[in-house]
Amino acid sequence: TERRYHEILQRLERLRPVGRLLDVGCGAGHFLVVAEQRGWQGCGVEVSQSALNALRQVQQQRGLAFSIVEGSLAQAPFPPEHFDAMTLFEVIEHLDDPLATLRHAYSFLKDGGILYLTTPNYDSLSRHLIGRRWRVIAEEHRCLFSAKTLRDCLVRVGFRPVGMATKNIDIPEILSTWGIRK
């Protein structure tokens with residue numbers, strides 16, 4: 001995971017110099033730890049109390065400087081155009097109004113700022129092969145996106161997509177769902 005975070009940050013750094021970074025839905029802060037190691041001035045937004053407790057513990061144990069905001073992005077007290085980069089790892093599918101969150105994200109990013117997000121792809125091969133038994137179809141996932149619907153949402157709020165990729169066919173899930181053992 002740490003290697004993947006370095007790779008993500010390296011991609012961001014090719015598009016935008018190191019500066020202020022906001023990780024929305026930051027969980028226990030592992031991405032923020034790597035970002036701070038690379039020189040980013042990090043901030044995390046989190047709604048889960050248990051994740052916040054773990055985040056504060058990680059921050060305290062390692063003597064890290066990133067800041068923490070408890071609550072949703074909509075409740076965050078940031079001025080407009082405050083961040084150089086923002087990440088949302090597996091967040092928007094959990095929201096009742098992902099478009100509103102994307103609008104907030106856009107407003108908090110500087111001109112030329114970078115948004116990096118991940119979300120399950122509703123048009124994935126896994127979903128097509130498994131159907132309604134795909135594990136991503138779950139009560140906690142309020143909205144599911146295809147690459148096209150995600151791109152449409154991003155453009156609608158003002159973003160200009162630079163790149164989009166889909167990957168990670170879940171072979172073990174497919175085999176298990178079909179009753180095939182390794």
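The values are calculated or read from the model by the stated rules, or taken from the named source; none is laboratory data. Note that the structure is predicted; figures quoted are calculated from it, not measured. Every residue, glycine among them, receives a Cβ derived from its backbone with ideal geometry; neighbour counts consider all protein chains shown. Please note that ligands, DNA and RNA were not included when accessible areas were found on the heavy atoms of the full protein model with its side chains. Shrake-Rupley method; radii C 1.70, N 1.55, O 1.52, S 1.80 Å.
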For the chain, what's the relative contact order in percent, using C-alpha pairs closer than 8 Å and at least 6 residues apart? 18 percent
If you take the Cα atoms of the range 1-106, find Rg, then find the Kirkwood Rh from the mean of 1/r over all pairs, what is Rg/Rh? 0.94
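In Å², what does the accessible area per residue of the chain work out to with a 1.4 Å probe? Display every interim value, and only then the final one.
Numbers: 10590 Å² over 182 residues.
Solvent-accessible surface per residue comes out at 58 Å².
Give the shape of the chain as rounded, prolate or oblate, defined through the alpha-carbon gyration tensor: a ≥ b ≥ c are the square roots of its eigenvalues, a/c under 1.5 means rounded, and otherwise the shape is prolate if a/b is larger than b/c and oblate if not. Provide the component values of the computation, followed by the final result.
Details: a/c = 1.74, a/b = 1.43, b/c = 1.21.
Verdict is prolate for the chain.
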How big is the range 84-157 along each principal axis, measuring the range of its Cα positions in Å and listing the largest first? 41, 21, 19
Could you check the simple spin-label distance between THR166 and ARG132, using points 7 Å along Cα→Cβ, in nm with one decimal? 2.2 nm
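Can you pull the percent of the chain's accessible area that's carbon plus sulfur, 1.4 Å probe, other chains left in place? Intermediate values should be presented prior to the final figure.
Values: 5180 of 10590 Å².
The C+S portion of the solvent-accessible surface of the chain is 49 percent.
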Theoretical gain in end-to-end length, ARG38 to GLU139 [0.36 nm per residue, Cα-Cα removed]: 32.7 nm
Would you grab the residues whose amide H sits under 5 Å from the one on PHE89? Only those 5+ places off in sequence or on another chain, please, with H modelled 1.01 Å from N. VAL24, THR118
Tell me, in nm to one decimal, what length is gained between ARG14 and SER67 on full extension, where the rule is 0.36 nm per residue of separation less the Cα-Cα distance? 16.7 nm
For a test of the definition: using alpha carbon positions, the gyration tensor, and the 1.5 limit on a/c, classify the range 59-112 as rounded, prolate or oblate. oblate
